[in-house]
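Inspection log for the structure reproduced underneath, given as structure tokens.
The values are calculated or read from the model by the stated rules, or taken from the named source; none is laboratory data. None of the values given here were measured: they were computed from a predicted structure. Note: ideal-geometry Cβ built from the backbone for every residue, glycine included; neighbour counts use all protein chains shown. Please note that ligands, DNA and RNA were not included when accessible areas were found on the heavy atoms of the full protein model with its side chains. Shrake-Rupley method; radii C 1.70, N 1.55, O 1.52, S 1.80 Å.
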Amino acid sequence: MTRKSVGLFAVGPARLLSGLGEAERLDRVEHLAVHGALPEVRPEELIALAENVNLCGRGGAGFPFARKLKAVIDSSARRGGRAAVVVNGSEGEPTCLKDATLLSRAPHLVLDGALLAADALGAEEIVVGVTRTELERSVSAAIAERGPGWPSIRVELLPERFVTGEGTALTNGLNTGTALPPGRKVRTSDSGLRGMPTLLSNTETFAQLAVAARMGALSYREAGLPSEPGTTLLTVAGSWVVETPTGVPVADILQMCGTDPGQGVLVGGYHGGWLAPGAARAALISRESLTIFGGSLGAGAILPLPLDTCPLGEVVRVARWMAEESAGQCGPCVRGLPALASALARVVEGSRTDAMNKVRDLLDSVRGRGACSHPDGTARFITSALTAFPDDLKDHRYGLGCGRAVLGVLPLGDDVPGSSDQFERLLVDWTLCAGHGLCAHMLPDVVQLGADGYPASAQMRLPESQHVQGLRAVRRCPALALRIEA
């Protein structure tokens, strides 16, 4: 699903999206006209504000912002007063567009929140990490519109890949240029940007902080649920960015976007979970409600699955893409996820008991064993799908199939416009291929063979970590049927 444009609307009065109905992008002057000047807030007042409005991270984990802020303040005090602020604008999740929308259309609101946090910490530096060139340009322009100031603010462009959004991967990328998780437990509040105690949070989180500081806690709490006050940004069906108060039914949001629950709704993105149609009609936009129904708000992705596509075929596509997005640093990712995707594909193709048992064994083997959360999140996504589509699973397992084609409605990384990630593809020339199968032996994470012994696809994404092995496979192909193209 290629996304060429993004529709915006707000349920009730807009806060984060305020002013964007009239302007494509708010420059500094327009931003001040819409939102007003940023108030001065003392550190203890900022902590109290974040606690009062129950501000939690909007990037996926939902960690309380006040606790993060206090942790960095404490760590900074122990280490001589140095600190930094990092805005995580990577958004490597293909189902999400909300943070990119903020950075491209309302960048000053995000910078305002980062400056509030930096003032509270006495931070000397603010860095905005992004993975798309158009976002780098937008943030750079916003920084220039503000002129020189203290602390220093800069934007850094990092590789566009799923794991870049993991907090320690982002700070590794800013520090070394390699945006990969370190493979060990690291608290950015203790050691983040250049080893300093660092407050790292998601783009929307900082924008919400700027809104709350201007409105005050009482006014901010007028919208949304008492337990989860305020509004939140959602990406719906990969095409709409919606600002809504918490507590609005999921079904109402889908209806406003011209769609419905279909066969089920994926909430929380590709590390999230599936809601059956009945659960999607009953659930509310809130962390608590979605958790009750087996989902999660995560990074605010709401993705309904249309009636005319094969659910499990779509899940296989995503599982293979998630395996390709491995950081390449641990066995559960490098070996476990490709094997899991292949076993799931065999189930969908009609292999009965053995393949399903293999899927279960592999799900158990990758959970809790990765160097980061990627294996766990992928296993959660697949497990949820197997639970959400039991009839389809039964039909596929026993060779009947569901009778629907795989339309590719779940977006993958190369569907996102403006991606700065230039990846390679392994291509098969069918006029030469003789079905030797050596390529699958040399590149088991890339090449899957069909029932006839030939590669199942004429073109396959070749991860950077597999480039050298890909060249060997090209050179050793007995029929000279392989080539690599960017």
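Candidates GLY177, GLY195, GLY224: the one that is closer than 25 Å to ALA118 by Cβ, more than 23 Å from the chain's Cα centre (by Cα) and open to solvent by 20 Å² or more (accessible area, probe 1.4 Å) is GLY195.
Restricting attention to the stretch 32-72, the residues that are under 12 Å from LEU209 (Cβ atoms), in contact with a strand residue (DSSP E or B) (Cβ under 9 Å, 6 or more places away or on another chain) and hydrophobic (A, V, I, L, M, F, W, C) add up to 6.
Residues in the stretch 250-282 that are of a type in the set (A, V, I, L, M) and either at pLDDT below 90 or touching a Pro at 6+ places or on another chain (Cβ under 7 Å) (or both): ALA251, LEU254, VAL265, ALA280. In the stretch 285-297, of all residues being over 19 Å from LEU55 (Cβ atoms) and touching a Gly at 6+ places or on another chain (Cβ under 7 Å), the one that is surrounded by the most Cβ atoms within 10 Å (Cβ to Cβ) corresponds to GLY295.
Here ARG380 does not qualify as free of Cβ contacts under 8 Å to residues at least 24 places away in the same chain and either open to solvent by less than 20 Å² (accessible area, probe 1.4 Å) or charged (D, E, K, R) (or both). Being open to solvent by less than 40 Å² (accessible area, probe 1.4 Å), more than 29 Å from SER191 (Cβ to Cβ) and more than 20 Å from the chain's Cα centre (by Cα) is the requirement here; does ARG15 meet it? Yes, satisfied.
Is it the case that some residue within the stretch 362-375 is open to solvent by 40 Å² or more (accessible area, probe 1.4 Å), over 21 Å from GLY268 (Cβ atoms) and without any contact (Cβ under 8 Å) to a residue 24 or more places away in the chain? Looking for residues that are open to solvent by 40 Å² or more (accessible area, probe 1.4 Å), over 21 Å from GLY268 (Cβ atoms) and without any contact (Cβ under 8 Å) to a residue 24 or more places away in the chain, one finds at least one in the stretch 362-375, hence yes. The condition of being open to solvent by 10 Å² or more (accessible area, probe 1.4 Å), on the phi > 0 side of the Ramachandran plot and of a type outside the set (A, V, I, L, M) holds for only one of GLY300, GLY331, GLY247, GLY264, that being GLY247. Closer than 18 Å to PRO197 by Cα and among the hydrophobic types (A, V, I, L, M, F, W, C) - does that describe any residue in the stretch 76-83? Checked the stretch 76-83: at least one residue is closer than 18 Å to PRO197 by Cα and among the hydrophobic types (A, V, I, L, M, F, W, C). Just to be sure before I move on: is PRO417 open to solvent by less than 20 Å² (accessible area, probe 1.4 Å) and either modelled with pLDDT under 90 or among the β-branched types (Val, Ile, Thr) (or both) in the structure I sent? When the stated conditions are applied, PRO417 does not pass them. Taking (1) surrounded by fewer than 21 Cβ atoms within 10 Å (Cβ to Cβ); (2) farther than 23 Å from SER76 by Cα; (3) among the basic types (Lys, Arg) in turn, ARG187 satisfies each apart from (2). The residues in the stretch 392-414 that are out of contact with any Cys (no Cβ under 9 Å at 6 or more places or on another chain), at pLDDT below 85, more than 27 Å from VAL130 (Cβ to Cβ) and surrounded by 15 or more Cβ atoms within 10 Å (Cβ to Cβ) can be counted, and the count is 1. Of the residues making up the stretch 1-19, those that are within 20 Å of THR203 (Cα to Cα) and at pLDDT 85 or above number 10.
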